[in-house]
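Heads up: the structure comes next, in structure tokens.
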Amino acid sequence: MSTVLFVYAKGGPPLGYALSRVAARSAVHLLALSTLPPSVAESAERRCASVLTADGPERGDLVSLIVSRAQAVGAQAVITFSEYAVVAVAEACQKLGLAGPGSSAALARDKRLMRHTWKQQEIAQPRFRPVASEEELRAAAGALRLPLLLKAAWSAGSTAHRIIRCAEDVPAAWDRAREVMVESAQLGYAELHVADAGADFLVEEIVPGTADGWFDQEGWGDYVSVEGVVVGGDFHPVCISGRMPTVEPFTERAGITPAALPDDAQRRVVDLARAAVDALGLDTCGTHTEIKLGADGRMWVIETAARFGGAMTVPQIEEVFGLDLIGMLVDHLLGRPVSWPAEVLAPKDARGAAGSLVVLAVDGAGAAWPDRRRWDFPVVADSVPLSPGSRLSVVAENSLPDGTPVPVYDPAAGANTMAALCLLSAVDPETVLHDLRTLVDALPHTLPSAGITEARS
């Protein structure tokens, strides 16, 4: 039987979902670089031929650990779905002579290298500058057009994002962004292979995004993501996911599959994503490419990842289009034939639609809830009215236990302050968007009071 080494770290699709898809294709040995979610730990022991946990500094050189573990279990493929382990797995695959993201994986991880590569290829993106100190940030603020977005070069989940509207914002933005990277590392949301990656930043101009002219329905966010895969250097776009508007500064609230884009707009978005992915020279991996939408058909690439989209992006694709992307990638890595979509899938190809909501203590207008509430999914499921045929569920491993106070939203910490992750399925993407907006509006009134008096962030 074929054998796969699954390198787990935080981020990516839910572990329980991903592990079940890998285990259906091969014997799987799990190398856990983060503590397993309690709701998955028991099933992981059943599904896996072995589970080795190395979630502390004693793991030493990460690439060497992955290589030695792969050799010990006789792995014919090594895979990860975590942003924080992509580079290490790519290097380990090269040492092992196995298919993987390739030598260019760091270009899809370090946002500074990514942006420099796109600049050389003249791919549309926001103007930017790498910054390594408060002085460099101040100089960049004087050279670029305000407002600016400061972001960590190796971050994920919209963490450590700070908006700079004037020169006076620089010191506080710089200090808070660095604090958040330290806090994120303590929570396990940090690059695992590159030393001192939390100290690397870039700052970029905030381009004028708009959903007007792109969607027929109000309420869509002004950016989309192209989900796909690179196989032997060839990019295969699978579908486009849409978004609800972000929460300030740019924290993602919800992703919806598929995006309700007209065919012509979808083709243009895919063409830009293809140029961005091809420029990075990836070999074999999932891809997730975010594109900002502007007026008069303008677009800018925001970033690309050498892995599938996180949260519920991959499960949504399986539900809507019937494609098990994780299983298909595993099959390819093991040398089995795989039929990737001949062209990007559109809403007309979908069986309904699905969307995932990150529960944050912020209302639909972006304002903090007036008081603290406790997360309680049964209350939400029983109380929030949804459209006929819509179904709502909670992703337990990505959610706080029922009864836990919802964290105060911290703009700098982004998704680190989420309370839960919910999945909503409906007849079409327009209905998903409508129901998610209903859910966001209802949460601060529906959830039980936490009985906590605390200043809002």
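Here are the numbers for the structure shown:
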| item | result |
| --- | --- |
| Candidate set: the range 52-68, residues that are among the charged types (D, E, K, R) and within 27 Å of the chain's Cα centre (by Cα); chosen: the one nearest to A24 (Cα to Cα) | D55 |
| Considering residues of the range 397-452 that are under 30 Å from D349 (Cα atoms) and among the β-branched types (V, I, T) only, the residue surrounded by the fewest Cβ atoms within 10 Å (Cβ to Cβ) | V427 |
| Matching option when the condition is of a type outside the set (A, V, I, L, M), in contact with an Asp or Glu (Cβ under 6 Å, 6 or more places away or on another chain) and closer than 22 Å to L421 by Cα, among S225, S184 | S225 |
| Residue, surrounded by the fewest Cβ atoms within 10 Å (Cβ to Cβ), within the range 125-153, restricted to residues that are touching a residue at least 24 places away in the same chain (Cβ under 8 Å) and of a type in the set (D, E, K, R) | R145 |
| Matching residues, the range 41-51, being surrounded by fewer than 17 Cβ atoms within 10 Å (Cβ to Cβ) and either more than 25 Å from the chain's Cα centre (by Cα) or not assigned by TED's automatic domain parsing to the domain that holds H29 (or both) | E42, E45, R46, A49, S50 |
| Selection count where residues are in contact with an Asp or Glu (Cβ under 7 Å, 6 or more places away or on another chain) and not hydrophobic (A, V, I, L, M, F, W, C), scope the range 14-34 | 5 |
| Residue within the range 406-421 that is at pLDDT 95 or above, touching a helix residue (DSSP H, G or I) at 6+ places or on another chain (Cβ under 9 Å), among the polar types (S, T, N, Q) and outside the structural domain of A90 (by TED's automatic domain parsing) present | no |
| Single residue of V226, V170, V230, V182 found to be within 22 Å of A85 (Cα to Cα) and in the same structural domain as R138 (by TED's automatic domain parsing) | V182 |
| Test: residue in the range 105-114 that is among the hydrophobic types (A, V, I, L, M, F, W, C), surrounded by fewer than 22 Cβ atoms within 10 Å (Cβ to Cβ), within 17 Å of the chain's Cα centre (by Cα) and on the phi < 0 side of the Ramachandran plot | yes |
| Strands (runs of 3 or more DSSP E) wholly inside the range 123-234 containing at least 3 residues that are closer than 28 Å to D55 by Cα | none |
| Among residues of the range 115-159, those that are under 22 Å from the mean Cα position of the chain (by Cα) and of a type in the set (G, A, S), counted | 7 |
| Residue within the range 90-105 that is farther than 30 Å from W118 by Cα and either of a type in the set (D, E, K, R) or in a helix (DSSP H, G or I) (or both) present | no |
| Among (1) surrounded by fewer than 19 Cβ atoms within 10 Å (Cβ to Cβ); (2) under 19 Å from the mean Cα position of the chain (by Cα); (3) of a type in the set (K, R), the one test that R162 misses | (1) |
| Which listed residue is in contact (Cβ under 8 Å) with a residue 40 or more places away in the chain, out of contact with any Phe, Trp or Tyr (no Cβ under 6 Å at 6 or more places or on another chain) and either in the same structural domain as A420 (by TED's automatic domain parsing) or not hydroxyl-bearing (S, T, Y) (or both), from G352, G403 | G352 |
| Hits in the range 116-167 - residues which are hydroxyl-bearing (S, T, Y) and either within 20 Å of T251 (Cβ to Cβ) or in the same structural domain as R253 (by TED's automatic domain parsing) (or both) | S155, S158, T159 |
| Odd one out for D234, checked against (1) out of contact with any helix residue (DSSP H, G or I) (no Cβ under 6 Å at 6 or more places or on another chain); (2) in contact (Cβ under 8 Å) with a residue 60 or more places away in the chain | (2) |
| Flag for D331 being free of Cβ contacts under 8 Å to residues at least 24 places away in the same chain and out of contact with any strand residue (DSSP E or B) (no Cβ under 7 Å at 6 or more places or on another chain) | no |
| Of the criteria (1) outside the structural domain of E218 (by TED's automatic domain parsing); (2) surrounded by fewer than 22 Cβ atoms within 10 Å (Cβ to Cβ); (3) farther than 24 Å from S82 by Cα, which one V394 fails | (3) |
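Table: residues versus (1) closer than 27 Å to L357 by Cα; (2) surrounded by fewer than 23 Cβ atoms within 10 Å (Cβ to Cβ).
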residue	(1), (2)
P208	yes, yes
V226	yes, no
P237	yes, no
G255	yes, no
L272	yes, yes
L280	no, no
E290	yes, yes
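Residues are listed down the side, and each one gets a yes or a no for (1) more than 25 Å from E319 (Cβ to Cβ); (2) of a type in the set (D, E); (3) touching a residue at least 40 places away in the same chain (Cβ under 8 Å); (4) buried (at least 16 other Cβ atoms within 10 Å of the Cβ):
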residue	(1), (2), (3), (4)
S2	yes, no, yes, yes
L5	yes, no, yes, yes
P14	no, no, yes, yes
A18	no, no, yes, yes
T35	yes, no, yes, no
G56	yes, no, no, no
V67	yes, no, no, yes
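The values are calculated or read from the model by the stated rules, or taken from the named source; none is laboratory data. Predicted model only: the values in this text are computed from it and were never measured. For neighbour counting, all protein chains shown are included, and Cβ atoms are generated from backbone atoms with ideal geometry for every residue, glycine included.
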